[in-house]
1. Can you find a residue that is in a strand (DSSP E or B) and not aromatic (F, W, Y) anywhere in the stretch 105-113?
2. Do any residues in the stretch 42-58 that are at negative phi have Cβ atoms under 9 Å from those of residues that are basic (K, R), where the two are at least six apart or on different chains, and which pairs are they?
3. Do the conditions hold for A137, that is, is it without any contact (Cβ under 8 Å) to a residue 40 or more places away in the chain and either farther than 25 Å from R52 by Cβ or open to solvent by less than 30 Å² (accessible area, probe 1.4 Å) (or both)?
4. Please work out if D160 is open to solvent by 30 Å² or more (accessible area, probe 1.4 Å), out of contact with any Leu (no Cβ under 6 Å at 6 or more places or on another chain) and within 14 Å of I51 (Cα to Cα).
5. Give me the pairs, please: first residue somewhere in the stretch 151-171 and polar (S, T, N, Q), second residue anywhere and modelled with pLDDT of 95 or more, beta-carbon distance under 7 Å, and either six or more positions apart or on two chains.
Amino acid sequence: MLHVGDITKLDGANLPLVDVIAGGSPCQDLSIAGKRAGLAGERSGLFMEQIRIIKEMRQTDAKRKRGSKTANPCGIIPRFMVWANVPGAFSSSKGEDFRAVLEETCRIADRSLSVPRPPAGRWKPAGTILGSGFSLAWRVLDAQYWGVPQRRKRIFLVADFGGTSAPEILF
């Protein structure tokens with residue numbers, strides 16, 4: 001894993017080619033234990049920086065036509081995104097923040113896509129969005145089942161911008 005510095009100062013056009021961008025914006029603004037500033041908060045709002053970087057990388061890749069079909073059959077750079085955060089993201093801003101996470105992530109692949117709120121008004125702990133040539137899946141996992149001696153639930157979101165493998169990867 002390569003750490004490249006402060007995300008607010010990075011230019012996706014100047015980053016090395018990668019297949020996966022992984023991040024987890026600080027959770028304080030989304031947590032039910034915090035002040036609930038949501039994605040508008042200074043810390044949790046860093047999620048939008050992750051989205052910006054991916055868009056810049058993809059735009060640059062498209063201009064240079066540098067996507068390698070040898071390493072990445074679909075030729076999309078970066079192909080995958082991973083995001084993690086606290087389950088409070090489901091209810092932050094009455095569920096609007098998680099809807100925005102889903103929509104902004106999907107819009108990397110399809111700028112016109114709109115993600116509606118769930119019919120019951122509450123996000124389920126797992127779900128999938130299948131688009132035209134891309135997919136996204138989320139799931140709540142608890143660290144106690146992964147070798148950590150404490151309960152620590154987190155939402156994990158996987159996006160595949162070049163295919164439908166996100167649910168297969170996550171589930």
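1. no
2. The qualifying pairs are I51/R107; K55/R107.
3. In short, yes.
4. For D160, the condition - open to solvent by 30 Å² or more (accessible area, probe 1.4 Å), out of contact with any Leu (no Cβ under 6 Å at 6 or more places or on another chain) and within 14 Å of I51 (Cα to Cα) - is not met.
5. T164/L130; T164/S135; S165/S135
The values are calculated or read from the model by the stated rules, or taken from the named source; none is laboratory data. No experiment lies behind these values; they were computed from the predicted model shown. Because the Cβ atoms are built from the backbone with ideal geometry, glycine has one as well, and the counts that use them run over all protein chains shown. Note: accessible area is taken over every heavy atom of the protein model, side chains too, but ligands, DNA and RNA are not part of it. Shrake-Rupley method; radii C 1.70, N 1.55, O 1.52, S 1.80 Å.
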